Structures are given as C-alpha cells and as structure tokens.
Amino acid sequence: MKKTILLVLLLPLFALAQTPPAVVLITDRVWVKDGHMAAFKKALAAHVKEYHSGQWKWRVYEVLSGPDSGAFQINEGPNGWTALDGRGDLSAQHSKHYETMILPHISKSAPTMFVTFDEKLSTTQAGNWSNKAVLTRFYIKPGRGVANTAALKTNKAVWEKLGRNVAVWRSWSSGQAQVIVAGRLKDGFKDFDNDTRMYSQAYDEVNGAGSYDKYLEDVARNVDSIVGEMIEYKPELSSQK
C-alpha cells in the first residue's frame, strides 16, 4: 500500500520531468538609417561572424511587407529557458562591438520579444526553416487566449490537407499577447502560384459546411487585430551552419 501511495505521489513529478523543454526564440527588429545600408550590412555580418556561432546563432530576415516593411528581423535560437538562464551576461567585447559598429547605423529598434514554439498547432518542426515565409500575427484580446487557441487549432488539419508547412509561435511576457503563424514557403513565392485552392473551401471540407464563417466569427471575438507580413532570409547576414 505504501508503495502505491508513493507511486501516485511521484507521478506528477515524473510527468513534469517528461515535459519537453520549451523551444524559445529571441527576436528583435531594427530599422537602418537612410544612406547607411551598406555599412550596416558589413558591420552586422562581421558581428555575427565574431560573436554568434554555436548555440547562439542568429538568423536575419528582411521584412518585405506590412507596417514594419524595410526592417531587419534578428532571431536568436531556438534555445531552451534553462540554456538562456545559464547564459549569463554578454561579454563586454560583444556589447562594445554592437554599440560602436552597428548601433550608429540604426534609426530605431522594436522592443525585444521572446516567442515559444507551439508544436501541437504546427505542421512542421521549429527548425525546418525556409528562405521565404508569410507571417500572420494575431494580437489577442485579454482573457481570450484559450478560446483563440481552440479556434486556431481547427486550422491544423486544413494546413495538412493543403500540404503547408506552418510553424506557430506564441509571445512570452513580451507586451500584448501574440500568436504568430509562420507559413514557410517550400519553393519561395512560387508557392503562391501553386496554391490555387480556396482556403475557405478546404476549411469547410475538413471541418464541415459553414465552419469557416464560424471560425471568422471566433477570430473577431478573440483578436484585436491581425497583421500580415512577408519576410526573406538573408544568409550573408546570418550565422553560418
């Protein structure tokens, strides 16, 4: 009997131990001063080569559309929270290089954001990157996170039916709650020419007639706003594999 009680008490700890570590990206966006693009790219490439190899690699993207068009998005990771906690302070040399070589070319920066990968809602792995992607940012109303997740979950089978690689990320204690749906384009923008099926039709085929209209109603209840963007990977500015 005592062994049974002990086993029951240990089950929550065992379940916790089996929980996979979080997959976390740190993401920043910067805008380059007019006339400074060449100098910025040279300085950024040098900084990445010197300080962002191994575990702390950077993937740099250019934002091609949307309200942040023209910005550069810098992703570090993915890593786990434990690894981030154990990283410690950045070296003085690292900080000095960034501040003296890169900052003079930047006109403004967006606040740093932490995002975690949601494997249950995604159709591909976090590290299955593509050179071009479409981001849909859902800004969630207060108290509507659970309802938004339930509504968003109904899309996974549709994405799978259409053969789309979709990675879903959630902001973590970084301003207003966001869910970022990243549609990774396998063959770049050519995917748009090949994706000729109406999404609403495919959604209704998977979830039942009229379900897409209901989904849009759910989105309206759960979401403050939606922002769409296209981004393109810049390997010459990123860490080498």
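A few comments on the model shown:
- For the chain, the Stokes-Einstein estimate of translational diffusion at 4 °C and a viscosity of 1.567 mPa s comes to 64 µm²/s, using the Kirkwood hydrodynamic radius over alpha-carbon pairs.
- Here the average projected area of the convex hull drawn through the C-alpha atoms of the range 70-155 stands at 8.6 nm².
- When each full DSSP H helix of the chain is screened for a Cα extent of at least 20 Å along its own axis and an average Kyte-Doolittle hydropathy of at least -0.5, the helices passing are 2-18, 37-51.
- Estimated translational D of the range 17-124 in µm²/s (Stokes, Kirkwood radius over Cα pairs; 10 °C; 1.306 mPa s): 103 µm²/s
- Positive contributions from Lys and Arg (+1) and negative ones from Asp and Glu (-1), summed over other residues with Cβ under 13 Å from the Cβ of Asp224, come out at +4.
- Normalised contact order of the chain, rounded percent, pairs of Cα under 8 Å and 6 or more residues apart: 28 percent
- In Å², nearest 10: area of Ile74 left accessible to a 1.4 Å probe: 10 Å²
- Using a cut-off of 24 Å between Cα atoms, the listed pairs Lys141/Lys186; Lys120/Lys161; Lys108/Lys234; Lys186/Lys214 include Lys141/Lys186; Lys186/Lys214 as exceeding that distance.
- Modelled FRET efficiency - R0 45 Å, Ser53 with Arg197, Cβ distances, 0.05 increments: 0.60
- The Rg/Rh ratio for the range 20-78 is 1.03, where Rg is the radius of gyration of the alpha carbons and Rh is the Kirkwood radius.
- Averaging Cα coordinates gives a centre for the range 22-92 and one for the range 137-208; these two points are 25 Å apart.
- Residues Lys42, Lys141, ordered by accessible area of protein heavy atoms at a 1.4 angstrom probe radius and largest first, appear as Lys42, Lys141.
- Candidates Gln125, Gln73, Gln93, ranked by Gaussian network fluctuation over the chain, Cα under 10 Å, top entry: Gln93
- Across the range 147-205, Cα pairs under 8 Å and at least six residues apart give a relative contact order of 29 percent.
- The range 87-215, Cα convex hull volume normalised per residue, Å³: 163 Å³
- Length released on extending from Lys161 to His97, taking residue separation times 0.36 nm less the Cα-Cα span: 18.3 nm
- Relative contact order of the range 74-192, defined on C-alpha pairs under 8 angstrom at six or more residues apart (%): 32 percent
- Rounded to the nearest 500, the helix-only mean residue ellipticity at 222 nm of the chain stands at -10000 deg cm²/dmol, with each DSSP H run of n ≥ 4 adding -39,500 (n - 2.57).
The values are calculated or read from the model by the stated rules, or taken from the named source; none is laboratory data. Worth saying up front: this structure is predicted, and the values here are computed from it rather than measured. Cβ coordinates were reconstructed from backbone atoms using ideal geometry, including for glycine residues, and neighbour counts include every protein chain displayed. Note: accessible area is taken over every heavy atom of the protein model, side chains too, but ligands, DNA and RNA are not part of it. Shrake-Rupley method; radii C 1.70, N 1.55, O 1.52, S 1.80 Å.
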